[in-house]
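The values are calculated or read from the model by the stated rules, or taken from the named source; none is laboratory data. What you see is a predicted model; the values in this text were computed from it and never measured. Virtual Cβ from ideal backbone geometry, glycine too; neighbours counted across all protein chains shown. Areas reflect the complete protein model, heavy atoms only, side chains present, ligands, DNA and RNA absent. Shrake-Rupley method; radii C 1.70, N 1.55, O 1.52, S 1.80 Å.
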Amino acid sequence: MSRVAGKVVLVTGAGSGIGRATATLLAREGATVVVSDVNEAGGRETVRQIAAGSDGAAARFEAHDTTREADWKRVVDGILEREGRLDGLVNNAGISGPFPATFETETLEQWRRMLAVNVEGVFLGCKYGVPALRQSGGGSIVNTSSLAAFLGTPDLSAYGASKGAVRQFTKTVAIDCARKGYKVRCNSVHPGIILTPMGEAVMPSDKAKERTRRRIPIGEFGAPEDIAYGILYLISDESRFVTGAELVIDGGMNAI
Ligand SMILES: NC(=O)c1ccc[n+]([C@@H]2O[C@H](COP(=O)([O-])OP(=O)(O)OC[C@H]3O[C@@H](n4cnc5c(N)ncnc54)[C@H](O)[C@@H]3O)[C@@H](O)[C@H]2O)c1
């Protein structure tokens, strides 16, 4: 019950799905969690659920658009001022865009929006998160990539490219921080198909859903909590020797 006790962790995109499950699990395991999202109602609901669900679990909400540099400065400075430290950062906020979107149908505007949220948001998170983690004596960053980082994704062309970029950039941050002695680890998680609003959006009919389910070796979809447990491990000190790694949580899809 206390795998991350005493740690202060910022989780972006925590107003829904995987981010909400992660914030909730981290809080249950003793962390003080800053729940951030552009969706204020969703973020506040996560904080409400955390407070209602577990004795003494601590969380607060920050309105935060991860594509905006000024938001990152405000949120990170605010954490250092209020909580006094930052030990973990989960760069989870993301979008999947219209579906299907092939490279032939995707507009330049959609492509740029995808990269702004899914890649620039992670870049800014690392840029502003690393100094705060260092100032706190070190810490851990987890970037939410995807199974899409390993495969061609013809129906999600910009999404796949964005998650490939997150996978690679994570290793760059990991190695740079390690070589400079920053005591900041950085790893990526790669969810398969997880039942969240985003996951459901790529399976528009019951038939499509059943077809997709049959492609998963384990035979069922993932739950947000399946990803949250992986992130918990990477944020905790149990993973102190792990950096630049890819944690695939996908029911076996990437192994076939
Ligand atoms: N669900 C899946 O099957 C799946 C698979 C692989 C990877 N992922 C990744 O997991 C992460 C979480 O996805 P999810 O399935 O929980 O989706 P979701 O849509 O349920 O939640 C995403 C959250 O991110 C927030 N968000 C979007 N743009 C933002 C911005 N600019 N600033 C701040 N917050 C923003 C949304 O408001 C939402 O609350 C994403 O990075 C996604 O790409 C999901």
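Which residue out of ALA63, ALA41 is surrounded by fewer than 16 Cβ atoms within 10 Å (Cβ to Cβ) and over 17 Å from the mean Cα position of the chain (by Cα)?
ALA41
I'd like to verify a number: residues in the stretch 169-201 that are surrounded by fewer than 24 Cβ atoms within 10 Å (Cβ to Cβ) and either among the polar types (S, T, N, Q) or free of Cβ contacts under 8 Å to residues at least 12 places away in the same chain (or both), how many?
Selection size over the stretch 169-201: 7.
Here's the yes/no breakdown for (1) within 9 Å of the ligand (Cβ to nearest atom); (2) over 28 Å from LEU86 (Cβ atoms); (3) polar (S, T, N, Q):
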position	(1), (2), (3)
ARG112	no, yes, no
LEU124	no, no, no
GLY139	no, no, no
VAL142	no, no, no
TYR159	yes, yes, no
CYS186	no, no, no
VAL189	yes, no, no
GLY192	yes, yes, no
ARG213	no, yes, no
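Looking only at the stretch 203-256, which residues are acidic (Asp, Glu) and either under 23 Å from the mean Cα position of the chain (by Cα) or under 30 Å from ILE175 (Cβ atoms) (or both)?
Selection gives GLU220, GLU225, ASP226, ASP237, GLU238, GLU246, ASP250.
Across the stretch 98-123, what is the total count of residues that are of a type in the set (Ser, Thr, Tyr) and surrounded by 13 or more Cβ atoms within 10 Å (Cβ to Cβ)?
Residues in the stretch 98-123 being of a type in the set (Ser, Thr, Tyr) and surrounded by 13 or more Cβ atoms within 10 Å (Cβ to Cβ): 0 in total.
Only one of (1) assigned to a helix (DSSP H, G or I); (2) within 14 Å of the ligand (Cβ to nearest atom); (3) in contact with a Gly (Cβ under 9 Å, 6 or more places away or on another chain); (4) touching a residue at least 60 places away in the same chain (Cβ under 8 Å) fails for GLU225. Which number is that?
GLU225 satisfies every listed condition except (3).
Any residue in the stretch 37-59 that's of a type in the set (Lys, Arg): show its pairings with residues that are within 15 Å of the ligand (Cβ to nearest atom) and open to solvent by 60 Å² or more (accessible area, probe 1.4 Å) at Cβ separation under 6 Å, as long as the two are six or more apart or on different chains.
none
Based on this model, can you work out whether CYS126 counts as assigned to a helix (DSSP H, G or I) and not β-branched (Val, Ile, Thr)?
yes
Filtering the stretch 15-40 down to residues that are near the ligand (Cβ under 7 Å from one of its atoms) and among the hydrophobic types (A, V, I, L, M, F, W, C), which residue is nearest to ALA58 (Cα to Cα)?
ILE18
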